[in-house]
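Enquirer: Below is a structure I'd like to ask you about.
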Amino acid sequence: MDGPDPRPVAPPSPRELGEFIREQRRLGRLSLRKLSELSGISNPYLSQIERGLRRPSAEILQQIARALSLSVETLYVRAGILEPSGADRSLTDHIRRDPWLDDEQKRALIHIYESFRAAHLDAESLADRRRWA
């Protein structure tokens, strides 16, 4: 049988999203307090997000993405708000499955890739705003 799988996919749990955000914060060598400062989100609320006790809104995810230098799209995909594009999913899946890389190397490569994507998306967004201004 060809075509997409008709079964619904369960959205990622708040815990998985929180663990990803914590991992990205640690990769960026940021304390929870510093992330709070950079994002404008309270320290207790960020802590609850990281522990999977809260599911953040799209706006909160945008603030966290900016503070972590990630693409907003990355966090939206992680939160189940957006479907991953084939290219993004494919590259990060390959990195995660690579038996020659340890966990720290995998996290670093994914972080670098996502930060380059974020810079490119930010540049495109700026160009679009200028075009329509």
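Enquirer: Looking at the stretch 73-90, is at least one residue outside any helix (DSSP H, G or I), at pLDDT 85 or above and not polar (S, T, N, Q)?
Expert: Among the residues of the stretch 73-90, at least one is outside any helix (DSSP H, G or I), at pLDDT 85 or above and not polar (S, T, N, Q), which makes the answer yes.
Enquirer: In the stretch 96-133, how many are at pLDDT 85 or above, surrounded by 10 or more Cβ atoms within 10 Å (Cβ to Cβ) and among the hydrophobic types (A, V, I, L, M, F, W, C)?
Expert: 5
Enquirer: Okay, moving on. Here are some residues: SER39, SER31, SER47, SER69. Which one is of a type outside the set (Val, Ile, Thr), out of contact with any Leu (no Cβ under 9 Å at 6 or more places or on another chain) and in contact (Cβ under 8 Å) with a residue 12 or more places away in the chain?
Expert: SER69
Enquirer: Mind listing just one residue for me: the one in the stretch 1-49 that is assigned to a loop (DSSP other than H, G, I, E, B) and at pLDDT 90 or above and, of those, nearest to ALA108 (Cα to Cα)?
Expert: Here the residue is ARG29.
The values are calculated or read from the model by the stated rules, or taken from the named source; none is laboratory data. From a predicted model like this one, the values you see are computed outputs, not experimental measurements. Heads up, the Cβs are rebuilt from the backbone with ideal geometry, glycines too, and the neighbour counts pull from every protein chain shown.
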